[in-house]
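Visitor: Once you've had a glance at the structure underneath, I'll fire off some questions.
The values are calculated or read from the model by the stated rules, or taken from the named source; none is laboratory data. Computed from a predicted model, the values in this text were never measured in an experiment. When we count neighbours, we look across all protein chains shown, and the Cβ atoms used for this are built from the backbone with ideal geometry, even at glycine.
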Amino acid sequence: MDSYDKELEQKVPDFEEKQDTHSKEISNLNISSAAYSTQIRGWKQTVGIIAVAIFVIGLWELLVRVLNVPDFILPPPSKIIVALVTSFPNIYQHLLFTLAELVSGYLIGAAVGLIMAAVLTQMPFIEKIITPYILILVTTPTIALVPLLMLYWGFGIGPRIFAVALATGPMVMINATTGFRRTDLAKIALAKSYGASTFQIFYKIRFPLALPMINVGLLVGGIFGLITAVGSDMVGGKIGLGNRISYYASLARMSNFFAIILLVALIGISIWIIMTIVGNKTTNWSE
Amino acid sequence: MVKDIIVENVSKTYDSDRGPVEAVKNFSMEVEKGDFVAIVGPSGCGKTTLLWGLTGLHPFTSGKAIILDKIVDKPRQSVGIVFQQANLLPWRNLIQNIYFPLEIMGKNIKEYKSKIQDLIKSVGLDGFENHHPRELSGGMQQRASIIRALSFDPQILLMDEPFGALDAYTRDEMDTLILELWEKTQKTIVFVTHRIEEAVYLANKVYVMTARPGTNSAIFNIDLPRPRPEGITMEMRYFNIVAEIKRKIVEDVEKQKKEGKYKSQAYSTIT
Ligand SMILES: Nc1ncnc2c1ncn2[C@@H]1O[C@H](COP(=O)(O)OP(=O)(O)OP(=O)(O)O)[C@@H](O)[C@H]1O
Ligand SMILES: [Mg+2]
């Protein structure tokens, strides 16, 4: 017995084909919609985008050299690349460490967030009670808790993984919840007319319907996880990309500083690309 | 004759914000095995409510419905339903949509494959098995949904204005198609429509419902040859039956109006 039986008793579902509005639906952030507006670009656009990048980097290089800007204020792109390559053997362990905290925290947070969304949307009353607390978790930057976590737990990877999970989980959960709420009574009635169990309705109807929003949550959660991972590194300990950022900044070694920023940006872009591919693969039917 | 469906004095009252709405009142009906019965009635008279009551998803408030000797209290594998809209799952391709009921029922798809392939062919959907719903026209989608309803070989087919959302040309084509399927599969069909012309063309028997609350008004036995001859819908004997039914409906409405029972529902005999 589940809640739809009650609804179906009082209502014949309307069969209006639901317009797929996932891409327009407000999620927590605008980046989410950006992920879904990534379309296949024509070669002209691609060339245009690359041209802009070359122009900006070239202009940066040129101005810094012509105006003789000292390296500790703004190094030219060429020096940043050189710094990245030469110091990479050194940076390598920090990169691995931050990736490890990001990936483990992300996987834990995403799994917990997904499961909680799936379970709680089945229990409307409890969902209503818990939602405000989840909203607090979403709106409070988890990074603010890291000093406390490190105080309890030391400067190892543990508190950082926890912080990343705490940043990712609520993001995934809140988007997935929106997805799971998009129940389509007509499709549920269809499954029920064949005698579908609650579980079958979940994984054959509600889950696919929720997938576009789940993907949004996984993307936004990943970006929040990255912010939190790098931020946690800055709070304490002697390892991690965030730690290197503070370290190089304190020594005014700006080429190295920018090399790390470049790495962090590359991680962020990778998250976006991976999630866009996952999104396109799993919900190619929705457009 | 074996009676596949027996409906006895069923009623359905909805609880709405503006108080209870009596949609169907004391409706009764009997359908023999292999028969094709149509239900017509003015808009809002409770046709959908009645049919959904038979699905077991949407219980009647009172009265009882018996399908294949068992009281209807839950959905059954002996009943296939075709909805007003195709209601296909957009993330599945056509063949996966057709297999959906078998999957839910835990049946071995292999055993049904060749029969389903036949059906797909007979409605002209062969070659589209791997297409997703968004790549199919409304008519093709509805054909797929009919095959889906037949996929697990139910004895009974319930159809609620299945072609109402289609354009006039496609609709006529679909009417012919459903007759072919019926003759081929020998299913028991209950077909709800507000188009009297369609009901007369398709059914052996037409049940007329009154305006809301929908109850029995009349039953017409359609005395036209089977299989329906080509061009029958342009013959006088066909028009006469259609006119007779329309006259009855107008009469009902006039009567309800006189008694002050008619709850203004937009209705026209020109449908
Ligand atoms: N959930 C509901 N709550 C209240 N009233 C309802 C509800 N569903 C239907 N009704 C009312 O019950 C009556 C019968 O509805 P139903 O949809 O069964 O009619 P119908 O004959 O199928 O109409 P149509 O020709 O438009 O398809 C209508 O007057 C409708 O307004
Ligand atoms: Mg209806």
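Visitor: Would you check if there is a residue in segment B:80-100 being among the β-branched types (V, I, T) and more than 16 Å from ligand 1 (Cβ to nearest atom)?
Guide: yes
Visitor: Restricting to segment B:175-192, count the residues that are touching a Ser or Thr at 6+ places or on another chain (Cβ under 9 Å) and either aliphatic (A, V, I, L, M) or surrounded by 24 or more Cβ atoms within 10 Å (Cβ to Cβ) (or both).
Guide: 3
Visitor: Has segment B:164-172 got any residue that is within 16 Å of ligand 2 (Cβ to nearest atom), within 19 Å of B:A203 (Cα to Cα), modelled with pLDDT under 90 and part of a loop (DSSP other than H, G, I, E, B)?
Guide: yes
Yes/no matrix, rows are residues, columns are (1) under 25 Å from A:P13 (Cα atoms); (2) more than 20 Å from the chain's Cα centre (by Cα); (3) more than 14 Å from chain B (Cβ to nearest Cβ):
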{"position": "A:I136", "(1), (2), (3)": "no, no, yes"}
{"position": "A:P159", "(1), (2), (3)": "no, no, yes"}
{"position": "A:V172", "(1), (2), (3)": "no, no, yes"}
{"position": "A:R181", "(1), (2), (3)": "yes, yes, yes"}
{"position": "A:A189", "(1), (2), (3)": "yes, yes, no"}
{"position": "A:T198", "(1), (2), (3)": "yes, yes, no"}
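Visitor: Might you check whether a residue that is more than 14 Å from chain A (Cβ to nearest Cβ), of a type outside the set (A, V, I, L, M, F, W, C), within 13 Å of ligand 2 (Cβ to nearest atom) and in contact with a helix residue (DSSP H, G or I) (Cβ under 8 Å, 6 or more places away or on another chain) occurs anywhere in segment B:43-64?
Guide: no
Visitor: Let me ask you something else. Determine which member of the set B:I39, B:I6, B:I71, B:I95 is away from chain A (no Cβ under 12 Å), more than 16 Å from ligand 2 (Cβ to nearest atom) and either touching a residue at least 40 places away in the same chain (Cβ under 8 Å) or hydroxyl-bearing (S, T, Y) (or both).
Guide: Within the list B:I39, B:I6, B:I71, B:I95, the selection yields B:I6.
Visitor: Name the single residue that is farthest from the other protein chains (Cβ to nearest Cβ) among those in segment B:98-111 being touching a Lys or Arg at 6+ places or on another chain (Cβ under 8 Å) and touching a residue at least 12 places away in the same chain (Cβ under 8 Å).
Guide: Applying the filter and picking the extreme gives B:I98.
Visitor: Looking at the structure I just gave you, is A:T183 over 30 Å from B:E103 (Cβ atoms) and among the polar types (S, T, N, Q)?
Guide: For A:T183, the condition - over 30 Å from B:E103 (Cβ atoms) and among the polar types (S, T, N, Q) - is not met.
Visitor: Hey, any hits in segment B:18-29 for a residue that's crowded, with 17+ Cβ neighbours inside 10 Å and away from ligand 1 (no atom under 13 Å from the Cβ)?
Guide: yes
Visitor: Taking segment B:36-62 only, how many residues are more than 10 Å from ligand 1 (Cβ to nearest atom) and at negative phi?
Guide: Count: 10.
Visitor: Sticking with this one: Here is a check on your reading of the model: is B:P225 within 16 Å of ligand 2 (Cβ to nearest atom) and not in a helix (DSSP H, G or I)?
Guide: No; evaluated as a whole, the condition is false for this residue.
Visitor: Pairs needed: first member in segment B:164-178, outside the structural domain of B:I39 (by TED's automatic domain parsing) and charged (D, E, K, R); second member anywhere, crowded, with 16+ Cβ neighbours inside 10 Å and not in a helix (DSSP H, G or I); C-beta distance under 6 Å; at least 6 residues apart or different chains.
Guide: B:R171/B:F163
Visitor: When segment B:193-209 is examined, which residues are found to be among the β-branched types (V, I, T) and within 11 Å of ligand 1 (Cβ to nearest atom)?
Guide: B:T193
Visitor: It is to be established whether one or more residues within segment B:112-120 are surrounded by 15 or more Cβ atoms within 10 Å (Cβ to Cβ), more than 22 Å from the chain's Cα centre (by Cα), within 9 Å of another protein chain (Cβ to nearest Cβ) and touching a residue at least 12 places away in the same chain (Cβ under 8 Å).
Guide: No, that holds for no residue.
Visitor: Out of B:D69, B:D160, I need the residue that is of a type in the set (D, E) and within 16 Å of ligand 1 (Cβ to nearest atom). Which one?
Guide: Checking each option against the conditions leaves just B:D160.
Visitor: Residues in segment B:74-92 that are under 30 Å from B:R212 (Cα atoms) and within 7 Å of another protein chain (Cβ to nearest Cβ): how many?
Guide: Qualifying residue count for the region: 6.
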